[in-house]
Amino acid sequence: MFAIAILSATVLQGFPVTCHPNNGESVMSTQNLKSEIDEYVNGVPFLALAYVRSDGTPVQRTLGSFVRHESTVFFSTRSDAAKVRDIESNPRVSLLFEAENQQLAAWKNVLLIGKALPVTTDSELKQATELLGARRPRFKERIEKEGLKNTRLFRFEAEEIEFLDYAKGAGHREKISVSQDHT
């Protein structure tokens with residue numbers, strides 16, 4: 001379905017994918033599905049990050065500082081946030097993209113399940129910072145002022161994608177498995 005990217009890049013581009021329709025329905029073409037998911041995700045201003053705390057409790061946090069780039073989603077948070085420790089000890093997370101003020105008959109959302117890993121290389125830090133700054137001017141201003149000393153950047157890679165689209169029928173979803181062997 002999608003694997004978080006930014007700009008006009010397609011998240012699934014270059015990834016072998018397997019689509020699993022809901023209730024034996026036919027699967028829309030992979031290219032159409034990619035385009036629909038990319039358009040939807042690019043229009044959503046916030047995402048919900050779900051992860052598991054060190055005590056085993058599942059939690060969700062809303063993030064606005066994220067950007068999709070090809071098969072990756074970069075996101076940032078304060079370096080002293082509890083979620084940093086929790087994600088570093090258990091990188092399995094999910095990202096939910098859901099537009100506000102939707103009508104039930106046409107409800108949509110995109111769920112990505114995968115791993116979030118800290119961005120550590122200089123080249124990836126530069127790339128993530130530039131992409132996040134282009135999407136969120138406030139992020140760019142803060143980084144220009146303070147640098148990255150109080151910020152932790154993560155790179156998310158999707159393994160599974162679900163696209164819920166009630167316009168195609170109540171509960172209609174397309175499931176996609178994303179192979180990470182895309183060398």
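The values are calculated or read from the model by the stated rules, or taken from the named source; none is laboratory data. These figures come from a predicted structure and were not determined experimentally. So basically every Cβ, Gly included, is an ideal-geometry build from the backbone, and we count neighbours across all protein chains shown.
For the list (1) touching a Phe, Trp or Tyr at 6+ places or on another chain (Cβ under 8 Å); (2) at pLDDT below 95, I need the number of the one condition that K140 fails.
(1)
Does S94 fit the bill of being in contact (Cβ under 8 Å) with a residue 12 or more places away in the chain, polar (S, T, N, Q), surrounded by 17 or more Cβ atoms within 10 Å (Cβ to Cβ) and closer than 17 Å to Q60 by Cα?
For S94, the condition - in contact (Cβ under 8 Å) with a residue 12 or more places away in the chain, polar (S, T, N, Q), surrounded by 17 or more Cβ atoms within 10 Å (Cβ to Cβ) and closer than 17 Å to Q60 by Cα - is met.
Could you give every pair whose Cβ atoms fall below 6 Å, whose first residue belongs to region 141-161 and is in a loop (DSSP other than H, G, I, E, B), and whose second residue is surrounded by 17 or more Cβ atoms within 10 Å (Cβ to Cβ) and not basic (K, R), counting only separations of at least 6 or pairs across chains?
Partner pairs satisfying both residue conditions: none exist.
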